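> Quick one: structure below, then a few questions.
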Amino acid sequence: MSELLLVAFIGILFLLYGIGVPAAYSLALTVIFVMLLPVGPELNFTVITQRFWSGMNSWVLLAVPFFLMAGRIMNITGITDDMFNFATELVGPVRGGLAQVNVVVSLIFSGMSGSAVADAAGIGSVEYEAMTTNGYEGEDAVGITGASSIIGPIIPPSIPIVVYAVLAQESIGTLFIAGVVPGLLMALAMAGTVYYLARTQDWPSAGSYDFSSLFESFLKAIPGLMAPLIIIGGILFGIFTATEAALVAVVYAILLGFFYYRSITMQDLYEVSKETFEDTASIVVIFGFANLYAYWLTLAGIPDMIGGIVTGLGASTTVTMLLLALVLLVLGTFMEGMAVLLIMVPMLVPLYPELGIDPVHFGIVMVVTLMYGLITPPFGLILFVLERVTNESLDEVMRSMLPYYLPLLVVLLLVILYPDLSLVLPEAFGLL
């Protein structure tokens, strides 16, 4: 009976998602269809309403709209240009310098956006244009732009990490800090790959060092550089929670926009707020239905059944995590990362104690894996975003990613095999 319910829960969900039904409604309709089965839990609209509401009524979920809003405000203030100019002065003069700039900007920009797609669609087009107008082939430019964009959601703030934390009922702040070292490893892997390609393919440099220009660009970039420091520092030192940090980020972005850069108006703020409210409404509805889906999964005994299957394999915790990462990677190449989180986290979280999996460690593994899926054919979302914002065809975008898959995969394996890479900072600051 449980086997039939498992097939129904997963099969109906993937069928609905595959034919284009939005993720939220796919989750809700799956629950209703399963409850209509003779072997399924009894259809109960009172419970449906209660579970739907409890999924939306979450304090920590407030972090999502505030981080979205902060990132959007910072994008229109001029901070992006200052970050790019500073990175260009810092690493531009070395061979392949603009490609290294691409990595550095994505690393810095991660402290503002929290979204790989936002990085690729926003500053990605700026990076691509800068590289192609300075002697780089289009494929080289789009490859490093796409690969570096997935750094953003690993280093705080991170929308996928917030989503995982809410679903897994873990601390957002702890998960934020846990992502710092893996995110830096990804940046180092990208920088090393760029260095090798620059030497072997004779990529150009962006002039010579001018230390006065470097210092001047650094001074201009300080307000933007302070954003991630305020967020991370405030969480680390207990000044505010991750949710409160998101609100602080919004206030900081507004103050910069109005009083430092003087580049935004009340109309701009209204448009940003409207876009954020629209996105938040859809996200909150998704969480309501995800909570409903998770409740019926548990009621039907699906996690226990999956746990029995996995433990029956007799595999070690590491091997189990490798297998789960493989499943997530396959799903991530066909589905949007948010949808994968909503489907898989409710299934996997109840299994953590039985499988010996640390929820913080695996949360980072899950997010890194799904970010890898965003640049992996056939349906990696960033591939299609880059096709739209650059002059490259989809085939050219896919080919351009080839040099970066291996180094990023190595980082993913390191994060899986060595939990301390994710846990060392949270433990050092007493968050675990």
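> Mind counting the residues in the range 332-362 that are in contact (Cβ under 8 Å) with a residue 60 or more places away in the chain and under 25 Å from residue 177 (Cβ atoms)?
Here the count works out to 11.
> Kindly indicate which of 383, 402 is open to solvent by 60 Å² or more (accessible area, probe 1.4 Å) and closer than 30 Å to residue 127 by Cα.
Going through 383, 402 in turn, the sole match is 402.
> When you check residue 15 against the structure, is it open to solvent by less than 30 Å² (accessible area, probe 1.4 Å), over 21 Å from residue 250 (Cα atoms) and assigned to a helix (DSSP H, G or I), yes or no?
When the stated conditions are applied, residue 15 does not pass them.
> Please tell me if residue 415 is assigned to a helix (DSSP H, G or I) and at pLDDT 85 or above.
Yes: the conditions hold for residue 415.
> A further question follows. So the check is Cβ under 7 Å with 6+ separation or different chains; which pairs have a first residue in the range 363-381 that's touching a residue at least 60 places away in the same chain (Cβ under 8 Å) and a second one that's of a type outside the set (Lys, Arg) and open to solvent by 20 Å² or more (accessible area, probe 1.4 Å)?
363/170; 367/160; 370/160; 372/329; 374/381; 381/117; 381/336
> Which of the helices (runs of 4 or more DSSP H) contained wholly in the range 289-408 include at least 2 residues that are over 17 Å from the mean Cα position of the chain (by Cα)?
Passing ranges, in order: 302-312, 317-334, 337-348, 352-355, 381-389, 394-400.
> Let me ask you something else. Looking only at residues in the range 418-432 that are free of Cβ contacts under 8 Å to residues at least 60 places away in the same chain and part of a loop (DSSP other than H, G, I, E, B), which one is surrounded by the most Cβ atoms within 10 Å (Cβ to Cβ)?
So, considering only residues that are free of Cβ contacts under 8 Å to residues at least 60 places away in the same chain and part of a loop (DSSP other than H, G, I, E, B), the one surrounded by the most Cβ atoms within 10 Å (Cβ to Cβ) is 418.
> Here's something else I'd like to know. Out of all the residues in the range 208-224, which are open to solvent by less than 40 Å² (accessible area, probe 1.4 Å) and under 29 Å from residue 248 (Cβ atoms)?
Answer for the range 208-224, where residues must be open to solvent by less than 40 Å² (accessible area, probe 1.4 Å) and under 29 Å from residue 248 (Cβ atoms): 217, 221, 223, 224.
> It is to be established whether one or more residues within the range 153-160 are of a type in the set (S, T, N, Q) and crowded, with 22+ Cβ neighbours inside 10 Å.
Scanning the range 153-160 turns up at least one residue that is of a type in the set (S, T, N, Q) and crowded, with 22+ Cβ neighbours inside 10 Å.
> Which of the residues that make up the range 322-340 are at pLDDT below 85 and either crowded, with 21+ Cβ neighbours inside 10 Å or of a type outside the set (Val, Ile, Thr) (or both)?
Correct list: 331, 332, 334, 335, 336, 337, 338, 339, 340.
> On to the next question. Here is a check on your reading of the model: is residue 257 open to solvent by less than 50 Å² (accessible area, probe 1.4 Å), at pLDDT 80 or above and within 25 Å of the chain's Cα centre (by Cα)?
In short, no.
The values are calculated or read from the model by the stated rules, or taken from the named source; none is laboratory data. These numbers were taken from a predicted model, which means no experiment stands behind them. No Cβ is skipped: glycine too gets one built from the backbone with ideal geometry, and neighbour counts run over all protein chains shown. For the accessible areas, the whole protein counts, side chains as well, though only heavy atoms, and no ligand, DNA or RNA atoms are used. Shrake-Rupley method; radii C 1.70, N 1.55, O 1.52, S 1.80 Å.
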